[in-house]
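Presented below is the structure to which this report refers.
The values are calculated or read from the model by the stated rules, or taken from the named source; none is laboratory data. Treat the numbers as computed from the prediction; the structure is a model and nothing was measured. Positions of Cβ are generated from backbone atoms using ideal geometry, with glycine treated the same way; all protein chains shown enter the neighbour counts. Accessible surface is based on the protein model in full, side chains and every heavy atom, while ligands, DNA and RNA are left aside. Shrake-Rupley method; radii C 1.70, N 1.55, O 1.52, S 1.80 Å.
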Amino acid sequence: MSRPTAAVLHSFAPIESPRARVLILGSMPGVASLSAGRYYAHPQNRFWPIMGELIGAGPQLDYERRIETLRAAGIALWDVLAQCEREGSLDSAIRDDTAVANDFAGFLARHPRVRTVLFNGAKAENSFRRFVLKPLARPDLRLLRLPSTSPANASQRGQAKLAAWREALSEAGVKVRAG
């Protein structure tokens, strides 16, 4: 018996800069982000408020200014998956048998200063390790899973998420605001 097909989703182009030292990876944009054509567009997602606290790229800025602020801080932003099938927005609904990873070999060749990859949640990390890491063969990369900023991750308090993101960005050489 065959499974019903979900919509085939396609992720965005990376937010990148020649100065990038850190790459933050999600798994695949959610419905609100895909509809808006912008990373982390769901109003309850904590990504932009956290970036606001840490580097000044908060939701009070228009989207292009947030992106410019990420770039100036040496942060690139992308998703592990280029495409997949998924119903709704939950990472748990991604059908791994339909997942296709983005071109990380090409991205890292264009951005040789990237030494730290921060995963926005478990699905991003698991997908990267499953679909990307072995063929990539880059033992020099520091890989670190951070608490998901998704509204679906309500198990961890906001201040704990903020502290984890602050520590990881600081250790990666990003100048963060004092907390």
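Hey, can you tell me all the residues within segment 9-28 that are open to solvent by less than 80 Å² (accessible area, probe 1.4 Å) and over 17 Å from Ile75 (Cβ atoms)?
Scanning segment 9-28 gives Leu9, Ser11, Ser27, Met28.
Which members of segment 63-81 meet the condition of being surrounded by fewer than 22 Cβ atoms within 10 Å (Cβ to Cβ), farther than 17 Å from Val22 by Cβ and touching a residue at least 12 places away in the same chain (Cβ under 8 Å)?
Within segment 63-81, Tyr63 is the sole residue that qualifies.
Can you find, within segment 82-124, the residue that is surrounded by the most Cβ atoms within 10 Å (Cβ to Cβ) among those that are of a type in the set (Asp, Glu) and in contact (Cβ under 8 Å) with a residue 40 or more places away in the chain?
Among those that are of a type in the set (Asp, Glu) and in contact (Cβ under 8 Å) with a residue 40 or more places away in the chain, it is Asp91.
Please go through segment 64-80 and give me each residue that is within 16 Å of the chain's Cα centre (by Cα) and within 17 Å of Ala36 (Cα to Cα), ordered by number.
Scanning segment 64-80 gives Arg66, Ile67, Leu77, Trp78, Asp79.
Could you list, in sequence order, the residues of segment 148-179 that are outside any loop (DSSP other than H, G, I, E, B) and either on the phi > 0 side of the Ramachandran plot or basic (Lys, Arg) (or both)?
Lys161, Arg166
Run down Glu16, Glu53 and say which single residue is at pLDDT 95 or above, touching a strand residue (DSSP E or B) at 6+ places or on another chain (Cβ under 6 Å) and not basic (Lys, Arg).
After applying the criteria, what remains is Glu16.
Restricting to segment 46-62, count the residues that are at negative phi and open to solvent by less than 20 Å² (accessible area, probe 1.4 Å).
8
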